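Structure first, commentary second.
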């Protein structure tokens, strides 16, 4: 029997999570680079370029690709002829590896897991527990697949039990069409078919860890019904015109992965789990001889992409002298370079601000005529002002938008993805504007931040309100003062179905 010390598994998980925090899988980069080469939509091409540049910067600097460093998903297949030398539960062993990874001094990762989800929602502080799935299989080895799954894509998960005669492709395309851009396309679609609700979901998430081969598949053509289904979904989803970050374009999905399992004759369970532009995963095996060793990828896989955000088409904006007249000149799709003071605030901060306004009490910050950035950054290391600081999904702030705009005089909001109709109407009514930064370019965005200090709600951790000073922070106008949204107009131009 193969014996595996628990330290080998702990070290492997800790090293794997650090590794995937700053290295995209090379196959993902190759598919993203191909999408950049064929993209014809200028805003979408620019977004993909920022994702690729950010990825290379993270690979060189060993800092997180995205500020949402994900929940640890660990899939373990333990051979029946192998034994882990430990008195602890497998969950405890795995969590020790997660804890070491997320609390590493040289590259701390953002803790996003909250305990007591129906109550206090207190942050665990170390991103434990991991989402662990195990399977006993034949053999004498321990196989481990580790991924870091961000909340923006996880929140767009879908499940249904279809009629056996229903079209899986029709259902998937309909779901993607209604998912919005909060999952940060272009990314991967994992689809699980069969089993029951639990099995289908696990299949879909496991499918996301499979190597990408859509480029090869398209060039040679389908040789099985499964491959034909993958191509059909890939082509139909991209024909929706959603594009990178929902800005409208040719590529919304890079690959479609499908896994199946036998199911009841009366059922067709189907799960859809998307993965975002910060797709992060790695595989390793243990045989008792030592922990795994992860080799850096070849940086030649990363294309040399030039950003053009600072060309003559970009408008420089001084956030400290904003006025209504200037904001009214912004149009959806415009590129702005922001300099000056902005505040940060996410769900928890917005909830607290609204409760304060409803109580008739003053807020701890003055937002009149100001900008707020929906972000929960990674902690800084060394000489950094702040760690990776990309945007979070803005729709979660929609329920607070009217009260915040009406009660504070806030003029500009910055996040990612679309806004809902009620939020857009509030933006129009108050003469405000909504801007987007590129999800999946967190390290790149952080380079524009010159200073950062917590000014309110420090008990909220990464969700505290910060005052930041930025210089030439690149953003795109998403909703203007008339309520026009690029997330509606952009995909409409590029839709091919």
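Label 7 Å along Cα→Cβ of residue 320; the stretch 446-479 residues with amide nitrogen under 19 Å?
Under cut-off, by backbone N: 448-455, 466-474.
Angle check, please: helix 398-408 long axis (alpha carbons) against the longest principal axis of the chain (alpha carbons), in degrees 0 to 90, nearest 10.
On a 0 to 90 degree scale, this one is about 30.
Go ahead and estimate [θ] at 222 nm for the chain from helices alone: -39,500 (n - 2.57) per DSSP H run with n ≥ 4, summed, over the residue count, rounded to 500. If you can, show how the numbers build up before the last one.
On the way: 15 runs with 161 residues, N = 497.
Rounded to the nearest 500, it is -9500 deg cm²/dmol.
Please sort 190-202, 361-373 by packing, taking for each peptide the average over its residues of neighbouring beta carbons within 10 angstrom, highest first. Please list the in-between numbers first.
Values: 190-202: 20.2, 361-373: 17.0.
Ranked from most to least packed, the peptides come out as 190-202, 361-373.
If we count other beta carbons within 10 Å of each Cβ, what is the order of 485, 223, fewest first? Don't skip to the end; give the middle numbers.
Details: 485 20, 223 9.
Going from least to most buried by this count: 223, 485.
With each pseudo-label sitting 7 Å past Cα toward Cβ, what's the residue 265-residue 161 distance in nm, one decimal?
Calculated label separation equals 1.7 nm.
Just the number, please: percent antiparallel of the DSSP beta bridges in the stretch 359-497, rounded to the nearest 5. Don't skip to the end; give the middle numbers.
Values: 10 of 18 bridges.
Taking every DSSP beta bridge within the stretch 359-497, about 55 percent pair in antiparallel fashion.
Could you please state, rounded to a whole Å, how far the C-alpha centre of the stretch 418-450 is from the C-alpha centre of the stretch 258-317?
Cα centroid to Cα centroid, the span is 25 Å.
Any chance you could give the angle, 0 to 90 degrees and rounded to 10, that helix 225-238 forms with the longest Cα principal axis of the chain?
Tilt relative to the chain: about 10 degrees.
Could you tell me the calculated FRET efficiency between residue 495 and residue 105, based on Cβ-Cβ distance and R0 = 51 angstrom, to the nearest 0.05? Don't jump to the answer; show the numbers that get you there.
Numbers: r = 48 Å, r/R0 = 0.94.
It comes out at approximately 0.60.
When DSSP beta bridges are limited to those with both residues in the stretch 152-277, what percentage is antiparallel, rounded to the nearest 5? Don't skip to the answer; put the middle values down first.
Numbers: 11 of 20 bridges.
Around 55 percent antiparallel, to the nearest 5.
Which entry in (1) 24.0; (2) 25.3; (3) 30.7 is this structure's computed mean projected area of the Cα convex hull in nm²?
Recomputing mean projected area of the Cα convex hull in nm² here gives the entry labelled (1).
Have a look at the DSSP beta bridges in the chain and tell me what percent are antiparallel, nearest 5.
Antiparallel bridges: around 55 percent, rounded to the nearest 5.
Can you tell me the 0 to 90 degree angle between the C-alpha axis of helix 347-358 and the longest principal axis of the chain, rounded to 10?
Once rounded, one gets 40 degrees.
For residue 3 and residue 216, what does the FRET efficiency come to when R0 = 45 Å and r is the distance between their Cβ atoms, rounded to the nearest 0.05? Kindly include the intermediate steps, with their values, before the conclusion.
Values: r = 40 Å, r/R0 = 0.88.
After rounding to 0.05, the efficiency reads 0.70.
Could you work out how much longer the chain between residue 368 and residue 355 gets when fully extended? Use 0.36 nm per residue separation minus the Cα distance between them, nm to one decimal.
Values: separation 13, 0.36 × 13 = 4.68 nm, distance 1.80 nm.
Net length gain for the segment: 2.9 nm.
As an exercise, use a Förster radius of 25 Å and the Cβ-Cβ distance of residue 86 and residue 294 to find the FRET efficiency, rounded to the nearest 0.05.
Numbers: r = 23 Å, r/R0 = 0.90.
Step by step, r from the Cβ atoms, then E = 0.65.
Only the coordinates and a few stated rules stand behind these numbers; no lab work does. Please read all numbers here as calculations on a predicted model, not as lab measurements. Don't worry about glycine lacking a Cβ; one is built from the backbone with ideal geometry, like all the others, and counts go over all protein chains shown.
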